[in-house]
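Please treat every number below as a calculation from the coordinates, not as lab data. Owing to the predicted nature of the structure, the values given are computational and were not obtained by experimental measurement. So basically every Cβ, Gly included, is an ideal-geometry build from the backbone, and we count neighbours across all protein chains shown.
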Amino acid sequence: MNGYFRTENLAVGYDGNVLIRDICLTLEKGSVLTLIGPNGAGKSTILKTITQHLAALHGTVSVAGQDLASQSPRQLARQMAVMLTDRIRPELTTCAEVVAMGRYPYTNLFGRLTPQDTAAVETALRQVHALELAQQDFSTLSDGQRQRILLARAICQEPDVLVLDEPTAYLDIRHKVELLDILRSMARDKGTTVVMSLHEIDLAAKASDCLLCVRGETVMAFGPPEDVLQSHAVEQLYDMEKGAYNLLFGSVELSRPQGAPQVFVVAGNGCGIPHFRALQRRQVPFAAGILFENDTDCQVARALSEHVICAPAFSSMTSAQFEAAAAAVVRCSAVLDAGAPVGELNRLNGQLLSFAREKGIPVYTRYPESEAVHG
Amino acid sequence: MKDKIRAVPADAQPTIQVRNPVRFITVMLLLAGLLLLGLLLNVSIGSVAIPVGSVFRMFWDGVRYALAGLFDSSAAERLQALVRTSTESQILFSIRLPRLLLASVLGGALAVSGLLLQVFFRNPIAGPFVLGISSGAKMVVSFTLIFLTRYIRNVSSLALVAAAFIGSLLITSIVLLCSQRVRSMSMLLVIGIMVGDICGAVTDFCITFADENDIVNLTNWSMGTFSGASWDHVKTAVCLCLLGLLAACLLSKPMNAYALGEGYAKSMGINIKVFRLMLILLSSLLSACVTALAGPISFVGIAVPHITRTLLKTSRPSYAIPAAFLCGAVFCVFCDLIARTVFSPTELKISTVTAVFGAPVVIIMMIRRRQSQEI
């Protein structure tokens, strides 16, 4: 029996209908767990069951060895705070008052705020960089500001476990990063255990200690991001038939053009990526080569084309690879020179361009002839 | 509860202020002053004008004898004598004083009842009159007055309140059942108005086919008026309404948190079911008192809480409840003064006056809300 936050054989669902069963999680104190998965997979249902908004259909959720279902509402409120997706619009309420509601489980019958409570409000506001909003009416805020105030409210509740349902929704990229930074620092400095759901897999992989892939009757995978996100895990999780998710970059490529290659792109050193994407936008099938396997061009080209001629990293290209590339070139109606520098190891790429010209295949380049170095 | 690493030291001195009581105190003093002015005007103005000086003298004697009467039976006789000595004192003690006390207490009760319903539905346009609750109370009270008086000579004011309470709860349950089906507030209001109309129709039906003798008391009452107030009514009203006010104040802490929505409220440790039940019972009790003792009164339940919140510039229930009570008292005392004196000797029904002053407030509020929602 170890682990600070545990769920044992948890089954969740509505009205007695089990949506997801056998959820077994174990988290250390001060770690961050992120639930990822497609819309409607049940991320919110799991979170609501953890926060006891929904009764567990089977199994338990426990924090520090104590079953949450057996705790009084006040005890639970001191242990766990939430940030929900509910759109709230309290009227004539300042941000400081909204944040102060987080002190609810600590104040007396009349909700009187002691100086200590007010200081906690101030600290929470400062932590989300929103102290200047304290006296502003909550209903006048932008979405990003609202999320920060609601996070401050949750912080103010001084929880051991913080549960957030899609906290980055409605936020722009800067505020997403800020919010995740705040959550990480809470986990690191105060030992707050964070459980949340995110749509951004790249951010989830970077911000979390553990990922939980939610899809289907049971959860698909649980563990550290590097273990969970293996080669095609994301495509499987989200049922992506078109397009590709690059784990290394955390970026998405749109659907691959279908058909026989019409254009051959001579690329390398990242110069090819804009060309690959431009061809994808026009849905022109293309081949690319010769690319070293450690080249960023190789990552994107493989996502967008089935016809990529690759060479192992750190060794010279071989004549066999040249033959394969040349065979692909003659089948294409045009060659695109991405303008990659040609050096000792990729000498054959230069020869490939000369070969195309000899065969009378037009070679296009964005760069003046003099700047492109041909070997 | 185990000790936690607190972010805030116990002796922290916050630099921000979450709540500012200065405005609240100012508003309360202003309203108290207005109420005093209203009471004075009300006792002295009328078909028989009583100079303020003699009002004070008689009132002082009355209070003195009434207090002495608690210990000494001869003082009670002197009180009776005082009341009977002159027409002025008879008007003061038997007509005007109970009437204005009833108007102020019931006005306050109606405002608080409306405020509770607004918290419940999280919408400032809810109120006992628009949701049909007053009409439901009126219906059951009419039944009681028509059919019960055949068997019982004098129906006590407490029995009337009980009847009105049953009617209020009946209609509230119907409206609540409907509210689970329809999510939009405007639909709920339409349902409330319809249900109210049905109750009105049933009431009219009963009155039409009832004996002339049975409805003598009814016609006056069913229009809504503070005339015919007796000390018995005042006693019942003061006891029940002050009890209701106190209970509402005790609920102000969860009411504040409830404004953020059920999800957040539950996460802060509120038992939602019990809390919602308490709100409905309290609001029904308060509006039942009003309907039983003065008949249905329109617009006070919506307009007064709104005026109060605008004055206070906050919707925090622990400030808004006592202020709404005072404000409702002021509103009704002045409205009753107008109803009584402007077209004297003809007396207007109280709803005529409250509608003239209350309805524009509601219209302005709805227009403003529409604007702020569009921004």
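Name the shape class, rounded, prolate or oblate, that the alpha-carbon gyration tensor gives for region A:251-365, where a ≥ b ≥ c are the square roots of its eigenvalues, rounded holds for a/c under 1.5, and otherwise prolate holds if a/b is larger than b/c and oblate otherwise. Mind showing how you got there, number by number?
Working: a/c = 1.66, a/b = 1.16, b/c = 1.44.
In terms of gyration-tensor shape, oblate.
As a test, work out the antiparallel percent of DSSP beta bridges whose residues both lie in region A:5-240, rounded to the nearest 5.
Details: 18 of 36 bridges.
The answer is about 50 percent antiparallel.
Please report how far the C-alpha centroid of region A:338-354 lies from that of region B:116-131, rounded to the nearest whole angstrom.
76
Name the chymotrypsin sites (Phe, Trp or Tyr not before Pro) in region B:316-375 that are in a loop by DSSP and that have at most 15 other C-beta atoms within 10 Å, would you?
Numbers: sites: B:Y319, B:F325, B:F331, B:F334, B:F343, B:F357; in loops: B:F343.
Sites meeting the loop and neighbour criteria: B:F343.
So, in Å, what gap is there between the alpha-carbon centers of region A:21-54 and region A:191-234?
Centre-to-centre distance over Cα atoms comes out at 10 Å.
Please list A:266-272, B:296-302 highest first by mean number of surrounding beta-carbon atoms within 10 Å per residue. List each step's numbers first, then the result.
Values: A:266-272: 23.1, B:296-302: 28.3.
Order by mean packing, descending: B:296-302, A:266-272.
Evaluate E = 1/(1 + (r/R0)^6) for B:L36 and A:T26, where r is the Cβ-Cβ distance and R0 equals 51 Å; express this FRET efficiency to the nearest 0.05. If you can, show how the numbers build up before the last one.
Values: r = 67 Å, r/R0 = 1.31.
The value I calculate is 0.15.
Zone of B:R23 (label point 7 Å along Cα→Cβ, backbone N under 18 Å): which residues in region A:112-151?
A:113, A:132-141
Could you work out how far helix A:347-358 tilts from the main Cα principal axis of chain A, as a 0 to 90 degree angle to the nearest 10?
60
Let's see if you can work this out: charge +1 on each Lys and Arg Cβ, -1 on each Asp and Glu Cβ, no other charges. What is the dipole magnitude of region A:251-365 about its Cα centre, in debye to the nearest 20?
380
What average count of beta carbons from other chains do you get within 10 Å of the Cβ of residues in A:91-98? The partial results should precede the final answer.
Details: counts 11, 10, 6, 7, 1, 4, 7, 4.
Averaged over the peptide's residues, the number is 6.
For region A:236-358, what proportion of DSSP beta bridges, expressed in % and rounded to the nearest 5, is antiparallel? Don't skip to the end; give the middle numbers.
On the way: 3 of 15 bridges.
Within region A:236-358, antiparallel bridges account for around 20 percent of the total.
If I fit a long axis through the Cα atoms of helix B:73-85 and take the longest principal axis of the Cα atoms of chain B, what angle between them do I get, 0 to 90°, rounded to 10?
Tilt relative to chain B: about 70 degrees.
Which Cα, out of A:A278, A:A119, A:S139, lies furthest along the positive dipole direction of chain A (beta carbon charges, K/R +1, D/E -1)?
Working it through, the farthest residue towards the positive pole turns out to be A:S139.
If I take all pairs of Cα atoms in region B:74-135, what percentage of them are more than 20 Å from each other?
Percentage above 20 Å: 52.
Of all DSSP beta bridges in the protein assembly as shown, what percent run antiparallel (nearest 5)? Walk me through the intermediate numbers first.
Working: 21 of 54 bridges.
Percent antiparallel among DSSP bridges in the protein assembly as shown is about 40.
State the volume of the convex hull built on the alpha-carbon positions of region A:90-197, expressed per residue in Å³ and rounded to an integer. Intermediate values should be presented prior to the final figure.
Values: hull volume 11.1 nm³, N = 108.
Here the figure is 103 Å³ per residue.
Among A:G13, A:G289, A:G259, determine the one that fluctuates most according to a GNM of chain A built with springs between C-alpha atoms less than 10 Å apart.
A:G259
Which of these, B:L70, B:L115, B:L260, has the largest mean-square fluctuation under a Gaussian network model of chain B (Cα springs below 10 Å)?
B:L70
When Cβ neighbours within 10 Å are restricted to other protein chains, what is their mean count per residue of peptide A:53-59? The partial results should precede the final answer.
Details: counts 5, 0, 0, 0, 0, 0, 0.
Mean inter-chain Cβ contacts per residue within 10 Å come to 1.
Past 26 Å, Cα to Cα: identify those pairs from A:K48/A:K206; B:K138/B:K313; A:K43/A:K206; A:K176/B:K273; B:K273/B:K313, in the order given. Mind dumping the intermediate values first?
On the way: A:K48/A:K206 24 Å; B:K138/B:K313 34 Å; A:K43/A:K206 19 Å; A:K176/B:K273 36 Å; B:K273/B:K313 29 Å.
As for pairs spanning more than 26 Å Cα to Cα, those are B:K138/B:K313; A:K176/B:K273; B:K273/B:K313.
For chain B, what does the alpha-carbon gyration tensor say about shape, rounded, prolate or oblate, given a ≥ b ≥ c as the root eigenvalues, a/c under 1.5 as rounded, and a/b over b/c as prolate? Could the numbers behind the result be given before it?
On the way: a/c = 1.81, a/b = 1.30, b/c = 1.39.
Since a/c reaches 1.5 but b/c is at least a/b, the shape of chain B is classed as oblate.
Given +1 on the Cβ of Lys and Arg, -1 on the Cβ of Asp and Glu, and no further charges, what dipole in debye does chain A carry about its Cα centre, rounded to the nearest 20?
Working: 33 positive and 41 negative charges, 81 e Å.
Here the size comes out at about 400 debye.
Students often check this: by mean Cβ neighbours within 10 Å, which of B:280-288, A:192-200 ranks highest, and how do the rest follow? Working shown, then result.
Details: B:280-288: 26.6, A:192-200: 22.8.
The most tightly packed comes first, giving B:280-288, A:192-200.
Arranged by the count of other C-beta atoms within 10 angstrom, fewest first, what order do B:M139, B:M187 take? Mind dumping the intermediate values first?
Numbers: B:M139 27, B:M187 13.
Ranked by crowding around the Cβ, least crowded first: B:M187, B:M139.
Nearest 10 degrees, 0 to 90: what angle lies between the long axis of helix B:272-294 and the longest principal axis of chain B (Cα atoms)?
20
Among A:Y245, A:A324, A:C95, whose Cα sits farthest toward the positive end of the charge dipole of chain A (+1 at Cβ of Lys/Arg, -1 at Cβ of Asp/Glu, about the Cα centre)?
Toward the positive end, the furthest listed residue is A:C95.
Taking beta carbons within 10 Å but only from partner chains, what does the mean come to for residues A:148-155? Don't jump to the answer; show the numbers that get you there.
Working: counts 0, 0, 2, 0, 0, 3, 2, 1.
Partner Cβ neighbours, averaged per residue: 1.
Evaluate the distance, in nm, between pseudo-label points positioned 7 Å from the Cα of A:I173 and of B:A75 along their respective Cα→Cβ axes.
Label at A:I173, label at B:A75, 8.2 nm between them.
How about A:K29: which aspartates and glutamates have a C-alpha closer than 15 Å to its C-alpha, ignoring those fewer than 8 places off in the same chain?
Once the sequence-local aspartates and glutamates are set aside, what remains near A:K29 is A:E158, A:D160, A:D189, A:D209.
Only Cα pairs within less than 10 Å get springs; with that Gaussian network setup on chain B, which residue of B:S142, B:S168, B:S86 has the largest fluctuation?
B:S86
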